[in-house]
Amino acid sequence: MTGKNTNYLIVAVVFIMAVYAFYTKYYFNASGWFLLGLTLILITYFSKISADKKYYIMTLPLPILALICFALEFIY
């Protein structure tokens, strides 16, 4: 996928998935999708402003928390 608005399209799809999961009462799944969308927004923003490496490292816990939320959906 190429183009200027590709990242925004991906983020929109991820947030739509989060809203759908929340609507169907899969709350851990919705939280995971929301955290993944937030991660994509932050990484896109940091790459746009040419941020330091420490800011990328600060976003690393978000996708890890998203994976934990997805795993909790199977447990509960």
Enumeration of residues in segment 19-41 that are over 9 Å from the mean Cα position of the chain (by Cα), hydrophobic (A, V, I, L, M, F, W, C) and open to solvent by less than 50 Å² (accessible area, probe 1.4 Å): Ala21, Ala30
Please give the number of the condition Asn5 fails out of (1) open to solvent by 100 Å² or more (accessible area, probe 1.4 Å); (2) modelled with pLDDT of 85 or more. (2)
Give me a count of the residues in segment 28-59 that are part of a helix (DSSP H, G or I), farther than 14 Å from Tyr8 by Cα and among the charged types (D, E, K, R). 2
All but one of (1) modelled with pLDDT of 85 or more; (2) in a loop (DSSP other than H, G, I, E, B) hold for Val13; state the number of the condition that does not hold. (2)
Looking only at segment 42-76, how many residues end up being charged (D, E, K, R), at pLDDT 85 or above and open to solvent by 50 Å² or more (accessible area, probe 1.4 Å)? 3
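The values are calculated or read from the model by the stated rules, or taken from the named source; none is laboratory data. Keep in mind the model is a prediction, meaning the values are calculated, not measured. These area figures cover heavy atoms from the full protein model, side chains too; ligands, DNA and RNA do not enter into them. Shrake-Rupley method; radii C 1.70, N 1.55, O 1.52, S 1.80 Å.
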